[in-house]
Amino acid sequence: MSRKFALRSLALLTAVVALGLFVKTESVSRGATLQFAGRTWTIKQSNSPVGPGPNRFSASPNNVWSDAAGLHLTIRKTGSLWYSTEVILNESFGYGTYMFQTTSRQDILNANATFGAFTWDTAGGDTIPDNPNREIDFEDGRWGNAADPTSSQVVVQPYYLANNLKRITLPDLSEDAALTRFFIWSPGKVEFYSLRGHYSPTDFPAESVLHHYVYVANGTSRRVPTPGAENFRFNLWLFQSTAPAGDQPVEVVVNDFAYLPLLPGDFNNDGVVDDLDLTKWQADFGQNRLSDANADGVTDGADFLIWQRSAGASLAATSGAVPEPTAAVQLLAASLAGVWLHRTRR
C-alpha cells in the first residue's frame, strides 16, 4: 500500500470525524418510486395484462408500499379486475450476494399466487443462450396446484434444462415466519441458501439452513449469466391470470434486502479494494447502503474494519496474500474505533 494511498485515507477519516454523519441524497430519475432497505425502487404499473402471468400491475400506495415493517407486495381486486405488484431496484450490481428476508407465511402462500425475488435484464443480451434476461430466481408458489407438497424453488434460467430448477418444501412457519434467502452469483457459479430465521449471509448457524444448492456451469448445457444491465426485483403475481383461491387478496412482506460485493470491502464494486472504496464508505456512513459490508443494516466502523482487512486485494489476482496494513492505516482503524465507540455510547 503506497504512502500516498495511506495519507489520502487518513485525510478522509479526518473529514468523517470532523463532519459526523454524511448524508447522501439519491436522485429519482424514473417513474413512481418507493424507498426500501435504504434504496430506491421503481414500481411497475400496467393497466393491461403483461408478463408475468399475464397480469395487470398496480403502483397505487394501497397495493404496494413500504413502512417500518418492510416492503408490502399485494394482489388486490379493484372493481372486477385483479392487480399484481412488482418493484425494481434502481441500481445494477452484477456479481455478488443478494439477500432478502420475509416475515409473511410463505409456506401457505395462495396456490394461484407466485412471489419472486430475482435478477432481470430488460435490455437482454446474447451472452447466455436461452437466457437473454440474466434471470436468477427465488420463487415461492405452487403454480395453481394446492396439493403440491413443495412450495418454493431456486432457478437459473432457463428453468426447463436439467438441474436449472430445484423445488423446495418450506417448513411449517406458524410459530415463526422469519426466512432469509440469498444467492451468491460469481463467474460460472450460483450458490443458493434458504435459512430459517433472520441472519446475515456472512454469519448464520448451520442448523438454520433449510436448503443449499450450488449450480456450476459446465461450458455446454449448464451456463451462468455474466453481468449486464440486470436489476434485482420483487414481485407478487397470479399464475395464468387465475384469481386467488377463495377470491381473497394476497400479501407478502419483505422486511429487508442487502447486496454484498464478491470482494469484501470493495464498496464501489470495481474488483479492487482501494482508497476509492474508502471514499464510498465515507459517503455511505450511517446509512443502509452499499458499504454495509456485514449486512447489519448500517454502514459503520465495523464495515471500515472489513475494508481495512481487504485493502489492496483484487478479484483479478490469482495468488498472493493481501498486503499488511501500513502504520497509517492502523492509525485510521484506531481513530475510527474511538469515534465509533463514542457514538454508540451516546
Quick one: is TYR160 in the same structural domain as ALA37 (by TED's automatic domain parsing) and buried (at least 18 other Cβ atoms within 10 Å of the Cβ)? no
Where a residue in segment 77-88 is farther than 15 Å from THR242 by Cα and outside the structural domain of ALA59 (by TED's automatic domain parsing) and its partner, wherever it lies, is crowded, with 20+ Cβ neighbours inside 10 Å and not hydrophobic (A, V, I, L, M, F, W, C), with Cβ under 7 Å and at least six apart: none
Only one of (1) in contact with a Gly (Cβ under 7 Å, 6 or more places away or on another chain); (2) modelled with pLDDT of 95 or more; (3) surrounded by 14 or more Cβ atoms within 10 Å (Cβ to Cβ); (4) within 26 Å of PRO158 (Cα to Cα) is not met by GLN240, so which one is it? (3)
Residue check, ALA117 farther than 25 Å from TYR259 by Cα, of a type in the set (Gly, Ala, Ser) and either surrounded by 20 or more Cβ atoms within 10 Å (Cβ to Cβ) or at pLDDT below 95 (or both): no
Among the residues in segment 77-94, are any within 14 Å of TRP237 (Cα to Cα), among the aromatic types (Phe, Trp, Tyr) and buried (at least 19 other Cβ atoms within 10 Å of the Cβ)? yes
Restricting to strands (runs of 3 or more DSSP E) lying wholly in segment 209-268: which have 1 or more residues that are touching a residue at least 60 places away in the same chain (Cβ under 8 Å), over 30 Å from ASP303 (Cβ atoms) and assigned by TED's automatic domain parsing to the domain that holds THR42? 231-238, 250-260
Filter segment 108-125 for residues that are small (Gly, Ala, Ser) and in contact with a helix residue (DSSP H, G or I) (Cβ under 8 Å, 6 or more places away or on another chain); the one that is farthest from ASP148 (Cα to Cα) is ALA113
Kindly indicate whether GLY51 is out of contact with any Leu (no Cβ under 9 Å at 6 or more places or on another chain) and outside the structural domain of ALA293 (by TED's automatic domain parsing). yes
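The values are calculated or read from the model by the stated rules, or taken from the named source; none is laboratory data. Keep in mind that this is a model prediction, so the values were computed, not measured. Because the Cβ atoms are built from the backbone with ideal geometry, glycine has one as well, and the counts that use them run over all protein chains shown.
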